[in-house]
Amino acid sequence: GDSVTQMEGPVTLSEEAFLTINCTYTATGYPSLFWYVQYPGEGLQLLLKATKADDKGSNKGFEATYRKETTSFHLEKGSVQVSDSAVYFCALSLRSNDYKLSFGAGTTVTVRA
Amino acid sequence: NAGVTQTPKFRVLKTGQSMTLLCAQDMNHEYMYWYRQDPGMGLRLIHYSVGEGTTAKGEVPDGYNVSRLKKQNFLLGLESAAPSQTSVYFCASSAGTQYFGPGTRLLVL
């Protein structure tokens with residue numbers, strides 16, 4: 001079945017450090033790929049998405065590129081801030097599966113000043 | 001444009017009581033979903049709907065019922081609440097990308 005594997009963490013960084021969270025997927029067909037972020041006590045917010053191979057999603061300084069050849073969608077940010085402390089979820093969906101999301105386990109990121 | 005809203009935000013129930021959680025979306029999305037999230041865990045799909053008048057089971061449907069009488073609303077019902085249903089419940093809607101509501105925290109004593 002469809003599945004997502006992401007680096008589980010937790011990850012602790014200093015402010016202005018480089019962040020990367022690895023995400024790989026298995027899917028039948030051509031999924032759309034997403035990164036969601038969940039701040040403490042809040043719901044999931046869409047951070048970025050990509051719908052086809054080689055697409056790059058970007059938002060708030062975060063980037064991820066849809067790599068079909070390596071079935072990956074790694075999240076990167078060049079200089080993190082304390083406000084980036086959150087749980088990050090990688091996910092995929094397929095129209096053929098009613099756009100249901102298959103989530104990774106989530107990665108807790110803590111950024112220290 | 002409020003996106004996805006959920007009511008109530010927080011509720012305490014006693015075992016055996018019933019309640020309904022309401023999800024509303026103003027994006028004219030066909031697809032709607034109900035999830036639960038337990039501490040330290042990801043989201044698990046309870047039920048979902050692919051359009052007005054339709055419902056389907058997700059990963060953890062037992063103990064819950066749903067209805068989608070209007071396109072913009074998706075109701076989640078607990079007929080007889082159990083402590084194991086203490087959780088945070090999230091609703092989402094989609095036209096290809098899922099957008100989530102702020103959540104309802106439910107405590108069953």
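Read-outs throughout are calculated quantities, based only on the coordinates presented, and are distinct from any laboratory measurement. Since this is a predicted model, take the numbers as computed values, not measurements. Neighbour counts run over all protein chains shown; Cβ positions are idealised from the backbone, glycine included.
Quick check on my filter: what residues within the range B:23-49 are out of contact with any Pro (no Cβ under 8 Å at 6 or more places or on another chain), more than 10 Å from every other protein chain (Cβ to nearest Cβ) and closer than 22 Å to B:Lys9 by Cα? Correct list: B:Cys23, B:Ala24, B:Gln25, B:Asp26, B:Met27, B:Met32, B:Trp34, B:Arg36, B:Asp38, B:Pro39.
Taken over the range B:75-109, the residue count meeting the criterion of being outside any loop (DSSP other than H, G, I, E, B) and within 14 Å of chain A (Cβ to nearest Cβ) is 13.
Matching residues to (1) hydrophobic (A, V, I, L, M, F, W, C); (2) touching a residue at least 60 places away in the same chain (Cβ under 8 Å):
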{"residue": "A:Thr70", "(1), (2)": "no, no"}
{"residue": "A:Gln81", "(1), (2)": "no, yes"}
{"residue": "A:Ser85", "(1), (2)": "no, no"}
{"residue": "A:Tyr88", "(1), (2)": "no, yes"}
{"residue": "A:Ala91", "(1), (2)": "yes, yes"}
{"residue": "A:Asn97", "(1), (2)": "no, yes"}
{"residue": "A:Lys100", "(1), (2)": "no, no"}
{"residue": "A:Phe103", "(1), (2)": "yes, yes"}
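With respect to the conditions (1) closer than 21 Å to B:Gly3 by Cα; (2) more than 14 Å from chain A (Cβ to nearest Cβ); (3) not in a loop (DSSP other than H, G, I, E, B), B:Glu52 lacks only one, and its number is (3). Among the residues making up the range B:4-41, those that are within 15 Å of the chain's Cα centre (by Cα) and either in a loop (DSSP other than H, G, I, E, B) or over 24 Å from A:Trp35 (Cβ atoms) (or both) are B:Thr7, B:Pro8, B:Lys9, B:Phe10, B:Arg11, B:Ser18, B:Met19, B:Thr20, B:Leu21, B:Leu22, B:Ala24, B:Asp38. The residues of the range A:29-74 that are over 13 Å from A:Cys90 (Cα atoms), within 12 Å of chain B (Cβ to nearest Cβ) and in contact with a Gly (Cβ under 9 Å, 6 or more places away or on another chain), listed by number, are A:Gly41, A:Glu42, A:Gly43, A:Thr51.
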